[in-house]
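S.K.: Let me begin by handing over the structure; questions about it come next.
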Amino acid sequence: MQLNRFIQINTPYSRQQAKLLLAQGRVKVAGQIVTDASLEIDRFVRVELDSQLLQDSQSHYLMVNKPAGVVSATEHPEHQTVIDLLPQALRQGMHLAGRLDLKTTGLMLLTNDGNWSRRVTQPESKIAKVYRVTTKDPVAAEAEAVFSRGIYFRYENITTRPAELERIDSYNSRLTIHEGRYHQVKRMFGYFDNEVIALHRERIGAITLDPKLKPGEFRPLTPAEVALFA
Ligand code: URA
(Lines give C-alpha, C1' and ligand atoms only; values in the text may rest on other atoms or scores of the structure.)
Protein backbone atom coordinates (compact mmCIF):
# COMPACT_ATOMS: atom_id res chain seq x y z
CA MET A 1 0.00 0.00 0.00
CA GLN A 2 1.18 3.53 -0.67
CA LEU A 3 2.16 5.56 2.38
CA ASN A 4 -0.37 8.40 1.83
CA ARG A 5 -3.17 5.82 1.49
CA PHE A 6 -2.05 4.13 4.73
CA ILE A 7 -2.18 7.50 6.53
CA GLN A 8 -5.61 8.23 5.07
CA ILE A 9 -6.97 4.88 6.30
CA ASN A 10 -5.47 5.09 9.77
CA THR A 11 -5.96 8.78 10.64
CA PRO A 12 -8.70 11.42 10.19
CA TYR A 13 -6.60 13.07 7.45
CA SER A 14 -7.38 13.02 3.73
CA ARG A 15 -4.89 11.88 1.13
CA GLN A 16 -4.07 15.53 0.32
CA GLN A 17 -3.53 16.35 4.00
CA ALA A 18 -1.38 13.24 4.32
CA LYS A 19 0.89 14.62 1.59
CA LEU A 20 1.25 17.84 3.57
CA LEU A 21 2.10 15.96 6.77
CA LEU A 22 4.75 14.06 4.84
CA ALA A 23 6.18 17.26 3.34
CA GLN A 24 6.39 18.71 6.85
CA GLY A 25 8.57 15.77 7.93
CA ARG A 26 6.05 14.58 10.51
CA VAL A 27 5.91 10.95 9.37
CA LYS A 28 8.44 8.24 10.16
CA VAL A 29 8.62 4.80 8.59
CA ALA A 30 10.73 2.27 10.49
CA GLY A 31 12.19 5.16 12.51
CA GLN A 32 13.20 7.30 9.48
CA ILE A 33 11.47 10.52 8.35
CA VAL A 34 9.87 9.88 4.97
CA THR A 35 8.45 12.53 2.62
CA ASP A 36 7.60 10.35 -0.39
CA ALA A 37 3.80 9.90 -0.39
CA SER A 38 3.96 7.16 -3.00
CA LEU A 39 6.39 4.99 -1.00
CA GLU A 40 5.13 1.41 -1.01
CA ILE A 41 5.07 0.21 2.57
CA ASP A 42 5.10 -3.31 3.86
CA ARG A 43 1.99 -4.07 5.93
CA PHE A 44 4.11 -4.96 8.96
CA VAL A 45 6.30 -1.85 9.05
CA ARG A 46 6.07 0.69 11.89
CA VAL A 47 4.59 4.03 10.77
CA GLU A 48 4.53 7.02 13.14
CA LEU A 49 2.88 10.42 12.83
CA ASP A 50 4.28 13.04 15.24
CA SER A 51 5.90 10.08 17.08
CA GLN A 52 2.49 8.39 17.53
CA LEU A 53 2.27 4.84 16.22
CA LEU A 54 -0.41 4.57 13.53
CA GLN A 55 -2.34 1.43 14.10
CA ASP A 56 -2.90 -0.61 11.02
CA SER A 57 -6.61 -1.21 11.39
CA GLN A 58 -6.52 -4.11 8.98
CA SER A 59 -7.26 -7.62 10.14
CA HIS A 60 -4.38 -10.06 10.05
CA TYR A 61 -4.62 -13.83 9.70
CA LEU A 62 -1.57 -16.04 9.98
CA MET A 63 -0.63 -19.69 10.12
CA VAL A 64 2.35 -20.69 12.24
CA ASN A 65 4.25 -23.96 12.33
CA LYS A 66 4.58 -24.25 16.11
CA PRO A 67 7.81 -25.87 17.25
CA ALA A 68 8.00 -28.09 20.35
CA GLY A 69 8.80 -26.15 23.54
CA VAL A 70 6.88 -23.03 22.50
CA VAL A 71 3.82 -22.29 24.59
CA SER A 72 0.37 -21.53 23.14
CA ALA A 73 -0.13 -18.27 24.99
CA THR A 74 0.41 -14.58 24.40
CA GLU A 75 2.68 -14.24 27.47
CA HIS A 76 4.61 -16.70 29.60
CA PRO A 77 7.21 -16.15 32.36
CA GLU A 78 9.33 -19.14 31.37
CA HIS A 79 8.80 -20.26 27.79
CA GLN A 80 8.88 -18.59 24.41
CA THR A 81 5.30 -18.06 23.20
CA VAL A 82 3.78 -18.46 19.75
CA ILE A 83 3.36 -14.66 19.67
CA ASP A 84 7.12 -14.29 20.31
CA LEU A 85 7.69 -16.06 16.97
CA LEU A 86 6.25 -13.02 15.17
CA PRO A 87 8.10 -9.80 14.41
CA GLN A 88 7.36 -7.06 16.96
CA ALA A 89 5.37 -5.01 14.43
CA LEU A 90 2.90 -7.83 13.98
CA ARG A 91 2.26 -8.82 17.60
CA GLN A 92 -0.16 -6.04 18.56
CA GLY A 93 -3.63 -7.47 19.22
CA MET A 94 -2.81 -10.90 17.87
CA HIS A 95 -4.27 -13.91 19.64
CA LEU A 96 -4.40 -17.64 19.06
CA ALA A 97 -7.37 -19.43 17.54
CA GLY A 98 -6.96 -22.58 19.64
CA ARG A 99 -4.11 -24.14 21.57
CA LEU A 100 -1.55 -26.91 21.39
CA ASP A 101 0.35 -28.50 24.26
CA LEU A 102 3.93 -27.41 24.91
CA LYS A 103 5.48 -30.38 23.09
CA THR A 104 2.90 -30.57 20.29
CA THR A 105 4.03 -29.19 16.94
CA GLY A 106 2.29 -27.97 13.81
CA LEU A 107 -0.56 -25.80 12.63
CA MET A 108 -1.70 -22.86 14.72
CA LEU A 109 -3.88 -20.00 13.50
CA LEU A 110 -3.39 -16.45 14.74
CA THR A 111 -5.43 -13.33 14.13
CA ASN A 112 -6.45 -9.97 15.57
CA ASP A 113 -10.05 -10.64 14.45
CA GLY A 114 -11.99 -11.98 17.43
CA ASN A 115 -15.07 -12.92 15.42
CA TRP A 116 -13.01 -15.01 13.04
CA SER A 117 -11.14 -16.85 15.82
CA ARG A 118 -14.42 -17.54 17.62
CA ARG A 119 -15.73 -19.27 14.50
CA VAL A 120 -12.59 -21.43 14.40
CA THR A 121 -12.74 -22.42 18.06
CA GLN A 122 -16.44 -22.59 18.95
CA PRO A 123 -17.21 -26.22 19.85
CA GLU A 124 -20.59 -26.23 18.04
CA SER A 125 -18.89 -25.78 14.68
CA LYS A 126 -17.41 -29.33 14.94
CA ILE A 127 -14.45 -28.34 12.79
CA ALA A 128 -12.17 -31.27 11.97
CA LYS A 129 -8.66 -31.17 13.42
CA VAL A 130 -6.20 -33.64 12.02
CA TYR A 131 -3.21 -34.87 14.04
CA ARG A 132 -0.30 -37.08 13.16
CA VAL A 133 0.28 -39.23 16.26
CA THR A 134 3.25 -41.36 17.30
CA THR A 135 2.67 -43.69 20.23
CA LYS A 136 4.98 -45.57 22.59
CA ASP A 137 3.22 -48.88 21.96
CA PRO A 138 1.52 -50.26 18.86
CA VAL A 139 -1.98 -48.87 18.33
CA ALA A 140 -4.61 -51.25 19.74
CA ALA A 141 -6.52 -53.43 17.28
CA GLU A 142 -9.89 -52.02 18.39
CA ALA A 143 -8.81 -48.34 18.34
CA GLU A 144 -10.80 -47.41 15.19
CA ALA A 145 -14.00 -48.83 16.66
CA VAL A 146 -13.51 -47.26 20.10
CA PHE A 147 -12.58 -43.83 18.71
CA SER A 148 -15.53 -43.84 16.32
CA ARG A 149 -17.94 -44.74 19.16
CA GLY A 150 -16.41 -42.02 21.39
CA ILE A 151 -14.64 -42.19 24.74
CA TYR A 152 -16.20 -41.11 28.00
CA PHE A 153 -14.26 -38.32 29.76
CA ARG A 154 -15.25 -38.46 33.40
CA TYR A 155 -13.92 -35.00 34.30
CA GLU A 156 -16.12 -33.20 31.75
CA ASN A 157 -18.85 -35.87 31.87
CA ILE A 158 -18.94 -36.03 28.07
CA THR A 159 -18.38 -38.65 25.40
CA THR A 160 -16.04 -37.52 22.65
CA ARG A 161 -17.54 -37.05 19.20
CA PRO A 162 -16.88 -39.82 16.67
CA ALA A 163 -13.25 -39.61 15.58
CA GLU A 164 -11.52 -41.23 12.61
CA LEU A 165 -8.26 -43.14 12.92
CA GLU A 166 -6.08 -43.89 9.92
CA ARG A 167 -3.15 -46.23 10.54
CA ILE A 168 0.18 -45.37 8.94
CA ASP A 169 2.06 -48.18 10.67
CA SER A 170 1.88 -49.82 14.12
CA TYR A 171 3.19 -46.74 15.94
CA ASN A 172 2.08 -43.92 13.68
CA SER A 173 -1.44 -42.88 12.85
CA ARG A 174 -3.53 -39.94 11.78
CA LEU A 175 -6.45 -38.98 14.00
CA THR A 176 -9.28 -36.63 13.04
CA ILE A 177 -11.27 -35.18 15.93
CA HIS A 178 -14.18 -32.75 15.85
CA GLU A 179 -13.75 -30.89 19.12
CA GLY A 180 -10.85 -29.73 21.25
CA ARG A 181 -10.99 -31.03 24.81
CA TYR A 182 -8.04 -30.57 27.14
CA HIS A 183 -5.24 -33.01 26.09
CA GLN A 184 -7.87 -34.74 23.99
CA VAL A 185 -5.64 -36.85 21.74
CA LYS A 186 -3.39 -37.96 24.60
CA ARG A 187 -6.40 -38.91 26.70
CA MET A 188 -7.96 -40.86 23.83
CA PHE A 189 -4.82 -42.97 23.43
CA GLY A 190 -4.57 -43.04 27.22
CA TYR A 191 -7.77 -45.11 27.16
CA PHE A 192 -5.53 -47.91 25.85
CA ASP A 193 -2.70 -47.02 28.26
CA ASN A 194 -0.71 -45.98 25.22
CA GLU A 195 1.46 -42.89 25.61
CA VAL A 196 1.58 -40.30 22.83
CA ILE A 197 5.25 -39.52 22.29
CA ALA A 198 4.88 -37.12 19.35
CA LEU A 199 1.90 -35.09 18.22
CA HIS A 200 1.71 -32.82 15.19
CA ARG A 201 -1.35 -30.92 13.92
CA GLU A 202 -1.62 -31.03 10.15
CA ARG A 203 -5.00 -29.45 9.50
CA ILE A 204 -7.82 -27.33 10.94
CA GLY A 205 -10.97 -27.58 8.81
CA ALA A 206 -9.79 -27.10 5.24
CA ILE A 207 -6.65 -25.17 6.26
CA THR A 208 -3.58 -27.39 5.92
CA LEU A 209 -0.18 -26.56 7.38
CA ASP A 210 1.94 -25.24 4.52
CA PRO A 211 4.74 -27.80 3.97
CA LYS A 212 7.09 -24.92 3.08
CA LEU A 213 6.93 -23.57 6.65
CA LYS A 214 9.78 -24.78 8.84
CA PRO A 215 9.16 -25.01 12.61
CA GLY A 216 8.85 -21.47 13.96
CA GLU A 217 7.94 -19.93 10.57
CA PHE A 218 4.65 -18.29 9.65
CA ARG A 219 2.84 -16.94 6.64
CA PRO A 220 -0.32 -14.86 6.09
CA LEU A 221 -3.40 -16.91 5.23
CA THR A 222 -4.58 -16.54 1.65
CA PRO A 223 -7.94 -14.78 1.10
CA ALA A 224 -9.42 -18.20 0.25
CA GLU A 225 -8.20 -19.62 3.58
CA VAL A 226 -9.57 -16.64 5.53
CA ALA A 227 -12.91 -17.02 3.74
CA LEU A 228 -13.29 -20.57 5.06
CA PHE A 229 -14.19 -19.13 8.48
CA ALA A 230 -15.69 -15.81 7.36
N1 URA B 1 -4.60 -33.12 21.94
C2 URA B 1 -3.59 -33.21 22.84
O3 URA B 1 -3.54 -34.10 23.65
N4 URA B 1 -2.64 -32.25 22.78
C5 URA B 1 -2.63 -31.26 21.87
O6 URA B 1 -1.72 -30.43 21.87
C7 URA B 1 -3.69 -31.19 20.96
C8 URA B 1 -4.66 -32.14 21.01
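The values are calculated or read from the model by the stated rules, or taken from the named source; none is laboratory data. Predicted, not measured: the structure shown is a model, and the values here were computed from it. Quick reminder, even Gly has a Cβ in these numbers, built from the backbone with ideal geometry, and neighbours come from all protein chains shown. In case anyone asks, the SASA skips ligands and DNA or RNA and just uses the protein heavy atoms, side chains included. Shrake-Rupley method; radii C 1.70, N 1.55, O 1.52, S 1.80 Å.
S.K.: Does residue 99 qualify as being part of a strand (DSSP E or B), within 16 Å of the ligand (Cβ to nearest atom), assigned by TED's automatic domain parsing to the domain that holds residue 70 and open to solvent by 10 Å² or more (accessible area, probe 1.4 Å)? Outline the logic, then answer.
M.R.: On the way: part of a strand (DSSP E or B): no; within 16 Å of the ligand (Cβ to nearest atom): yes; assigned by TED's automatic domain parsing to the domain that holds residue 70: yes; open to solvent by 10 Å² or more (accessible area, probe 1.4 Å): yes.
So residue 99 does not fit the description; no.
S.K.: Just the residues that are of a type outside the set (Gly, Ala, Ser) and over 18 Å from residue 118 (Cα atoms), please, taken from the stretch 84-102.
M.R.: So in the stretch 84-102, the residues of a type outside the set (Gly, Ala, Ser) come out as 84-88, 90-92, 94-96, 99-102.
Selection gives 84, 85, 86, 87, 88, 90, 91, 92, 101, 102.
S.K.: While we're on this one: Any chance you could count how many residues in the stretch 167-204 are among the small types (Gly, Ala, Ser), surrounded by fewer than 17 Cβ atoms within 10 Å (Cβ to Cβ) and modelled with pLDDT of 95 or more?
M.R.: Taking the stretch 167-204 and keeping what is among the small types (Gly, Ala, Ser), we get 170, 173, 180, 190, 198.
Filter again for surrounded by fewer than 17 Cβ atoms within 10 Å (Cβ to Cβ), leaving 170, 180, 190, 198.
Subsequent filtering for residues that are modelled with pLDDT of 95 or more retains 170, 190, 198.
Going through the stretch 167-204 one residue at a time, the tally reaches 3.
S.K.: Further question on the same structure: Condition first: more than 16 Å from the ligand (Cβ to nearest atom), of a type in the set (Phe, Trp, Tyr) and under 28 Å from residue 80 (Cα atoms). Now tell me which residues in the stretch 162-218 satisfy that.
M.R.: Correct list: 218 only.
S.K.: Also: For the stretch 16-41, which positions are assigned to a helix (DSSP H, G or I) and in contact (Cβ under 8 Å) with a residue 12 or more places away in the chain? Spell out how you get there, then give the answer.
M.R.: Restricting attention to the stretch 16-41, the residues satisfying the condition of being assigned to a helix (DSSP H, G or I) are 16-23.
If the condition is that a residue be assigned to a helix (DSSP H, G or I) and in contact (Cβ under 8 Å) with a residue 12 or more places away in the chain, then 18, 19, 21, 22, 23 are the ones that fit.
S.K.: If you don't mind, another one. Assuming residue 224 fulfils every condition listed in (1) within 16 Å of the ligand (Cβ to nearest atom); (2) open to solvent by 30 Å² or more (accessible area, probe 1.4 Å) apart from one, which condition is it?
M.R.: Tallying (1) within 16 Å of the ligand (Cβ to nearest atom); (2) open to solvent by 30 Å² or more (accessible area, probe 1.4 Å), residue 224 fails exactly one: (1).
S.K.: Could you figure out which of (1) open to solvent by 70 Å² or more (accessible area, probe 1.4 Å); (2) under 16 Å from residue 97 (Cβ atoms); (3) within 16 Å of the ligand (Cβ to nearest atom) isn't true of residue 128?
M.R.: (1)
S.K.: Scan the stretch 94-110 and tell me whether some residue there is at pLDDT 95 or above, more than 23 Å from residue 71 (Cβ to Cβ) and out of contact with any helix residue (DSSP H, G or I) (no Cβ under 8 Å at 6 or more places or on another chain).
M.R.: no
S.K.: Mind telling me which of the residues 123, 87, 77 ends up being loosely packed, with under 14 Cβ neighbours inside 10 Å and within 16 Å of the ligand (Cβ to nearest atom)? Before the answer, list the steps.
M.R.: Numbers: 87 fails: within 16 Å of the ligand (Cβ to nearest atom); 77 fails: within 16 Å of the ligand (Cβ to nearest atom).
Answer to the check: 123.
S.K.: Assigned by TED's automatic domain parsing to the domain that holds residue 129, among the charged types (D, E, K, R) and open to solvent by 50 Å² or more (accessible area, probe 1.4 Å): is that true of residue 40 in this structure? Quick ask: steps written out before the conclusion?
M.R.: Working: assigned by TED's automatic domain parsing to the domain that holds residue 129: no; among the charged types (D, E, K, R): yes; open to solvent by 50 Å² or more (accessible area, probe 1.4 Å): yes.
Here the answer is no, as residue 40 does not meet what is asked.
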